[in-house]
Amino acid sequence: MKETGVAMAVIALLVTQVGAVAPTDDEQFWPQWRGPLMTGVAPLGDPPVEWAENKNVSWKIAIPGKGSSSPVVWNDRVFVTTAIPIAPADGGATAGGEGVHEYRVLAVSREDGSILWDQRARVEQPHAGKRAEGTFASASALTEGENVIAFFGSRGLYCYDMEGKLRWEKDFGDMNIRNEFGEGATPALYGDVLVLTWDHQGPSFIVALDKNTGAERWRKDRDEVDTWATPLIVEQGGRRQVITAGTNRVRSYDLASGELLWEGAGLTMNPIPSPVFADGVVYLTSGFRGNALRAIRLADAKGDVTGTSAVLWEYNRDTPYVPSPLLYGNNLYFLKSNSAILTSLNSVTGERNYGPLRLEGLSEVYASPVGAAGRVYLVGRDGNALVIENGPEFKILAQNALDDGFDASPAVVGGEMYLRGYRNLYKIAAN
């Protein structure tokens, strides 16, 4: 009990530093996309530095279908979503060549990898196609220990209890995504409020729902086109706000009412990376057909922040297309486009620690980097991975490889890391 008390004291300090609410049980787990603090860091994590198919793999199970959604972890369970092709519809297929799919939510035992429950959310033919590397289960699940929420975009939003019983579901219609790029924005949960963006080639909006019933609390129209970035919910100056990336504008909304608090110039086309936040500053980035990285101090953010002192610094080169940045202490890590070229900045000043630097052994990277125990974990699409030291200097600690490829980002809980590959789900832990 003494060790647990010390650990929670450390968490309390960390959470205070990033301006979030008081710590709860979820800080020891990985309850959502980008982890307990939404920075990519597991503050109590200490997974292995080295692994291979025959080293530090506790178990490995095949996951049916396809999904680039990242695993989330609570208590004794890992939750993943997947879409399983089963047949063409009416002897035909969509414009994208896709047939009927089952959209499923799985609960997996952390102990042995057994399937604890497997719920079929919907069986339906997609109304549009996707890119070859995309999936119809790209949004990650999220949980707070009472509910498991799974979002399949145009195929609906679903809330289950921890035993897999459906509590409620909601359908927002069909998205129209440019060039059949596919869907994949994960919702955000804060307290009893669930927030999601619905940005596409049509009427776009942001909506806040009651997590227990699915009832709408507020909805605001957005002058926005396709985005895939998860909203970031933070508390600043006693007020909770929802920060969203966008091609046209970056915006912040009041969590309680949906009131627009501030906005600024947009990022590049197709914003995918999720914002991160610490010490009163939010960092927004994207990197498709351009480069954008902006640090905004929330205490100064009012009205239109473009060109004001609220924008502390900008760094508009070598920014990521798919992977989200990692904010670890005062170090901000990001990859160039989808390549294994890493840059590390001092998050306070915007000055470079190092980079752009090519990562040995990695090629294309979609998975977002994660941090734990003073280390940064980077996983590539070819199954190779690199572990480096967190700090202002570049230092490789290990190079690893598995017989799978990875687009989903790792999840870290204690001494364990969960990797969702194209075919398998791995538990990495010291043997």
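The values are calculated or read from the model by the stated rules, or taken from the named source; none is laboratory data. Please read these numbers as outputs of a predicted model, since none were measured by experiment. Here Cβ is always computed from backbone atoms with ideal geometry, including for glycine, and neighbour counts include all displayed protein chains.
Yes or no, residue by residue, for (1) of a type outside the set (Ser, Thr, Tyr); (2) assigned to a strand (DSSP E or B):
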residue	(1), (2)
THR227	no, no
TYR253	no, yes
ALA256	yes, no
LEU261	yes, yes
GLY264	yes, yes
ILE272	yes, no
SER309	no, no
ASP318	yes, no
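When the stretch 379-417 is limited to residues that are surrounded by fewer than 17 Cβ atoms within 10 Å (Cβ to Cβ) and of a type in the set (A, V, I, L, M), the one that is nearest to LEU345 (Cα to Cα) turns out to be ILE396. Of all residues in the stretch 381-425, those satisfying the criterion of being among the small types (Gly, Ala, Ser) and more than 16 Å from the chain's Cα centre (by Cα) are GLY383, ALA385, GLY391, ALA398, ALA401, GLY405, GLY414, GLY415.
Under the condition of being among the aromatic types (Phe, Trp, Tyr), farther than 26 Å from ILE243 by Cβ and surrounded by fewer than 18 Cβ atoms within 10 Å (Cβ to Cβ), the residues counted in the stretch 153-193 number 1. Say whether the condition of being assigned to a strand (DSSP E or B), of a type outside the set (Asp, Glu), at pLDDT 95 or above and in contact with a Phe, Trp or Tyr (Cβ under 9 Å, 6 or more places away or on another chain) is met by at least one residue in the stretch 123-133. Scanning the stretch 123-133 turns up at least one residue that is assigned to a strand (DSSP E or B), of a type outside the set (Asp, Glu), at pLDDT 95 or above and in contact with a Phe, Trp or Tyr (Cβ under 9 Å, 6 or more places away or on another chain). Hey, could you check the stretch 221-257 for residues that are charged (D, E, K, R) and touching a Phe, Trp or Tyr at 6+ places or on another chain (Cβ under 6 Å) and say which is surrounded by the most Cβ atoms within 10 Å (Cβ to Cβ)? Among those that are charged (D, E, K, R) and touching a Phe, Trp or Tyr at 6+ places or on another chain (Cβ under 6 Å), it is ARG222. Return yes when ASP221 is closer than 30 Å to GLY153 by Cα, outside any loop (DSSP other than H, G, I, E, B) and touching a residue at least 12 places away in the same chain (Cβ under 8 Å) and no when it is not. Answer is yes for this residue. THR343 meets the conditions (1) in a loop (DSSP other than H, G, I, E, B); (2) buried (at least 20 other Cβ atoms within 10 Å of the Cβ) in every case but one. The failed one is (1). Residue check: is GLU360 more than 26 Å from THR268 (Cβ to Cβ) and either of a type in the set (Asp, Glu) or touching a residue at least 12 places away in the same chain (Cβ under 8 Å) (or both)? So GLU360 passes the test. Looking at ALA137, is it more than 30 Å from TYR190 (Cβ to Cβ) and either buried (at least 18 other Cβ atoms within 10 Å of the Cβ) or not aromatic (Phe, Trp, Tyr) (or both)? So ALA137 fails the test.
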